[in-house]
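Here the structure comes first, spelled out in structure tokens, and everything after it is commentary.
The values are calculated or read from the model by the stated rules, or taken from the named source; none is laboratory data. What you are looking at is a predicted structure, and each value in this text was computed from that prediction instead of being measured. Neighbour counts are summed over all protein chains in view; Cβ atoms, including those assigned to glycine, are modelled from backbone coordinates with ideal geometry. The area values use the complete protein model at the heavy-atom level, side chains included, leaving out ligands, DNA and RNA. Shrake-Rupley method; radii C 1.70, N 1.55, O 1.52, S 1.80 Å.
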Protein chains: 2
Amino acid sequence: MKWGELEEEPCSMARTIGVIGDRWTLLILRECFLRTRRFEGFQSSLGITRHLLAERLKKLVRQGVLRRIPYQDSPKRHEYILTQKGLDLYPIMMAIVHWGDIHMVDARGRPLLHEHRKCGKDFHPVMVCSECGEPLLAKEVHTHPGPGARRNSPSAAPENPKAKTEAKAKTEAKAKTKAKTKATTRRRAA
Amino acid sequence: MKWGELEEEPCSMARTIGVIGDRWTLLILRECFLRTRRFEGFQSSLGITRHLLAERLKKLVRQGVLRRIPYQDSPKRHEYILTQKGLDLYPIMMAIVHWGDIHMVDARGRPLLHEHRKCGKDFHPVMVCSECGEPLLAKEVHTHPGPGARRNSPSAAPENPKAKTEAKAKTEAKAKTKAKTKATTRRRAA
DNA sequence: TCGTTAAGTTCCAATCTAGAACTATCGCGT
DNA sequence: ACGCGATAGTTCTAGATTGGAACTTAACGA
């Protein structure tokens, strides 16, 4: 699966991963939330190669997560700031930081604390249900298909995100060994 | 920065990214939360190459996110299940899915809905402050160094988990050599 | 004129990934 | 007994991605 395909998948998680699912992008976004805005700022604080940084920034701009705005004209210079779409990534960042705070700290404790301006206290993020306000537990959540779910036509299901290996079955001569009546799980959509 | 170094960083986010910060790992974890447990299950639903799948599973087991448990003895077979450490990744997964639901859906709507067993309703996850219960906004949060903040720097840079290029030292000696021939192609652009 | 800052580009070598084949074991059908 | 299929990997090669460092462009200040 290539990066491009990821965004076409009928899965919000896959699509999001297509946007932020690589280590440098995530780190760049961390810097954005720590108020870094300029190319050199990202480069020196992350130690990313200039080449990749330019690439990733371009991609984030293309995807509407960052906006590139000029801050001087003389030699055209720009800075990168989070759009609303980018700011909305905040819960993801906090969830990641929190997991690290719980499971990856050494004996000395957390590297960074977070203070909530509203209540003035150091906090940790808690994910709750929008309907009842209770903290979410994986086992208390049941998933079911929504309106955007994949409807695989009963007769024609050639482009399935799964079964990649079969789709490429054009190497007929060599693949024939396996190409027997491969009684795969052929199920029809209800 | 290599993958290994990431986990040494004095930043919970970098450390977490060292564990789950690549596209396949995230996708594998999605499958785990959707109750996939076996090698073939992951392979066929994700279309990941067997080679990478084996590698990633091994890494997740090493890091304590998954546990490898035998489910039959004849030809030794194992399945991979989430440990508590792995289950704790749930908020990250939900945050990622939610962002996708908001920003990456097509006209048909969300591919997957989530029902909270406790209250019986379809919900979306909300991240709140553990202290006051209010939803978290990026601008209402202030970060400050905690006990595990960067060790070596005596001058203790305030709020700065960065500055990791220290060893690189800007290519000091060579940086000056290049200044030689640059004035040759000098012309003004209207 | 030199040196510096800022934001990229370009180039080559080192890694990593995709895709397909191969290995190993056991249980089954004939 | 023999071959087949299912499961879980491992190996191999070619192509894609990354890392590292130099080079470019443009303007400013000493």
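Around residue A:72, under 12 Å between beta carbons, what's the net of Lys plus Arg minus Asp minus Glu among the other residues?
Numbers: positive: A:38, A:76, A:77; negative: A:73, A:79.
Local net charge: +1.
Just checking the output field for A:16-26: average partner chain Cβ neighbours within 10 Å of each residue's Cβ? List each step's numbers first, then the result.
On the way: counts 11, 9, 3, 5, 6, 9, 5, 10, 3, 2, 7.
Across A:16-26, the average partner-chain Cβ count within 10 Å equals 6.
If you take the beta carbon distance between residue A:51 and residue A:139 as r and set R0 to 45 Å, what does 1/(1 + (r/R0)^6) give as a FRET efficiency, to the nearest 0.05? Spell out each step's value before the answer.
Values: r = 44 Å, r/R0 = 0.99.
The formula returns an efficiency of 0.50 here.
Take every residue in peptide B:84-91, count the Cβ atoms of other chains within 10 Å of its Cβ, and give the average of those counts.
On the way: counts 1, 4, 2, 3, 6, 5, 8, 14.
Across B:84-91, the average partner-chain Cβ count within 10 Å equals 5.
For the B and A pair, go ahead and give the buried accessible area with a 1.4 Å probe, both sides summed, in Å² to 100.
Details: alone 15170 and 15210 Å², together 21430 Å².
Approximately 9000 Å², summed over both chains.
Tell me, in nm to one decimal, what length is gained between residue B:122 and residue B:102 on full extension, where the rule is 0.36 nm per residue of separation less the Cα-Cα distance? Write out the running numbers ahead of the final one.
Values: separation 20, 0.36 × 20 = 7.20 nm, distance 1.49 nm.
So the extension gain works out to 5.7 nm.
Order the peptides B:60-72, A:16-28 from the highest to the lowest mean number of other Cβ atoms within 10 Å of their residues.
On the way: B:60-72: 15.2, A:16-28: 22.3.
Listed from highest to lowest mean packing, they are A:16-28, B:60-72.
Output ³J(HN,Hα) for the stretch B:8-16: one whole-Hz value per residue in order, computed from phi by the Karplus curve 6.51 cos²θ - 1.76 cosθ + 1.60 with θ = phi - 60°, and x for Gly and Pro.
Computed from phi, the couplings for the stretch B:8-16 are 8, 4, x, 7, 4, 6, 4, 5, 5 Hz.
Considering only protein heavy atoms, what per residue accessible area in square angstrom results for the stretch A:90-137 with a 1.4 angstrom probe? Present the calculation step by step, with values, prior to reporting the outcome.
On the way: 2040 Å² over 48 residues.
Accessible area per residue: 43 Å².
Note down the nm distance, to one decimal, between modelled labels 7 Å out along Cα→Cβ at residue A:76 and at residue A:39.
1.1
Any idea how far apart residue B:31 and residue B:84 come out in nm if each label point goes 7 Å out from Cα toward Cβ?
It is 2.7 nm.
How big, on average over all directions, is the shadow cast by the Cα convex hull of the stretch A:1-154, in nm²? Working shown, then result.
On the way: hull surface 56.2 nm².
Mean orientational projected area (the stretch A:1-154, Cα hull): 14.0 nm².
Any of A:2/A:118; A:2/B:59; A:2/B:139; A:121/B:118; B:58/B:118 with alpha carbons more than 32 Å apart? Name them for me. Walk me through the intermediate numbers first.
Details: A:2/A:118 43 Å; A:2/B:59 22 Å; A:2/B:139 35 Å; A:121/B:118 29 Å; B:58/B:118 35 Å.
Where the Cα-Cα span goes over 32 Å, the pairs concerned are A:2/A:118; A:2/B:139; B:58/B:118.
Quick one: what are the phi-derived ³J(HN,Hα) couplings along the stretch A:36-45, Karplus 6.51/-1.76/1.60 with θ = phi - 60°, whole Hz, x for glycine and proline?
Result, ordered by residue: 7, 10, 10, 3, 4, x, 5, 4, 6, 7 Hz.
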